[in-house]
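Single-structure report; data block below.
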Amino acid sequence: MFACDDDNVNPKSQNVKLITATTWSHAAVTHSTDGDLSDQYQNFAISFTRKPENGFEGTFIISNGGYAFSENTGKWKFHDDFDNKIVFDSGRQIQYDVEENTLHLDFNVAPPGGRANGLSGHFIFDLKPL
């Protein structure tokens, strides 16, 4: 009888491995109102670590998140229904798609009040390994 390595067949485990394998950067950023904001996120980077604890998969660190990311660090997990959403401990939910050389993040930022363009709205980040 052979032992089965669940990490090789479990999509959640595969996605954890892919997301935590590298720091993600080289952002191509699109905003629903303001269009291409890539130049404002040239130094953006996000890194996920794997350290399961209290229902979270691990921690994340964000550098130069601008208006799209108010969080600098925190805990992350996949949505309970594993519907391709990452959930931060702040409650933020981000639709994602990950492959070996690409991480696609799709999310909305609620308006803070006042001027909304560039500060809120629908953001799409396409990232590559650092």
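The values are calculated or read from the model by the stated rules, or taken from the named source; none is laboratory data. All figures in this text were calculated on a predicted structure; none of them were measured in a lab. Every residue, glycine as well, gets a Cβ built from its backbone with ideal geometry; the counts of neighbours run over all protein chains shown.
Considering only residues that are touching a residue at least 24 places away in the same chain (Cβ under 8 Å) and either more than 16 Å from residue 96 (Cβ to Cβ) or aromatic (Phe, Trp, Tyr) (or both), which ones fall in the range 11-44? Correct list: 24, 26, 31, 32, 33, 34, 37, 40, 41, 44.
Taken residue by residue, the range 109-120 has at least one member that is at pLDDT below 95, within 14 Å of the chain's Cα centre (by Cα) and not in a loop (DSSP other than H, G, I, E, B). If you go through the range 71-96 and keep only what is touching a residue at least 12 places away in the same chain (Cβ under 8 Å), within 20 Å of residue 49 (Cβ to Cβ) and out of contact with any helix residue (DSSP H, G or I) (no Cβ under 9 Å at 6 or more places or on another chain), you end up with 71, 73, 74, 75, 77, 79, 88, 89, 90, 92, 93, 94. The set of residues in the range 45-70 being without any contact (Cβ under 8 Å) to a residue 12 or more places away in the chain and either of a type in the set (D, E, K, R) or in contact with a His (Cβ under 6 Å, 6 or more places away or on another chain) (or both) consists of 51 alone. Taking the range 16-48 as the range and being within 12 Å of the chain's Cα centre (by Cα) and among the polar types (S, T, N, Q) as the test, the residues that pass are 20, 23, 25, 47. Looking across the range 79-89, the residues that are at pLDDT below 95 and out of contact with any Pro (no Cβ under 9 Å at 6 or more places or on another chain) come down to 79, 80, 81, 83, 84. Number of residues in the range 34-50 that are at pLDDT 95 or above and part of a loop (DSSP other than H, G, I, E, B) equals 6. Every condition in (1) buried (at least 18 other Cβ atoms within 10 Å of the Cβ); (2) among the charged types (D, E, K, R); (3) under 18 Å from residue 130 (Cα atoms) is met by residue 100 except one, and the failing one is (1). So in the range 11-24, with the set limited to residues that are surrounded by 13 or more Cβ atoms within 10 Å (Cβ to Cβ) and either assigned to a helix (DSSP H, G or I) or in contact with a helix residue (DSSP H, G or I) (Cβ under 9 Å, 6 or more places away or on another chain) (or both), which one is modelled with the lowest pLDDT? Checked the range 11-24; the qualifying residue modelled with the lowest pLDDT is 13. Total residues in the range 72-97 satisfying the condition of being assigned to a loop (DSSP other than H, G, I, E, B) and surrounded by fewer than 16 Cβ atoms within 10 Å (Cβ to Cβ): the figure is 8.
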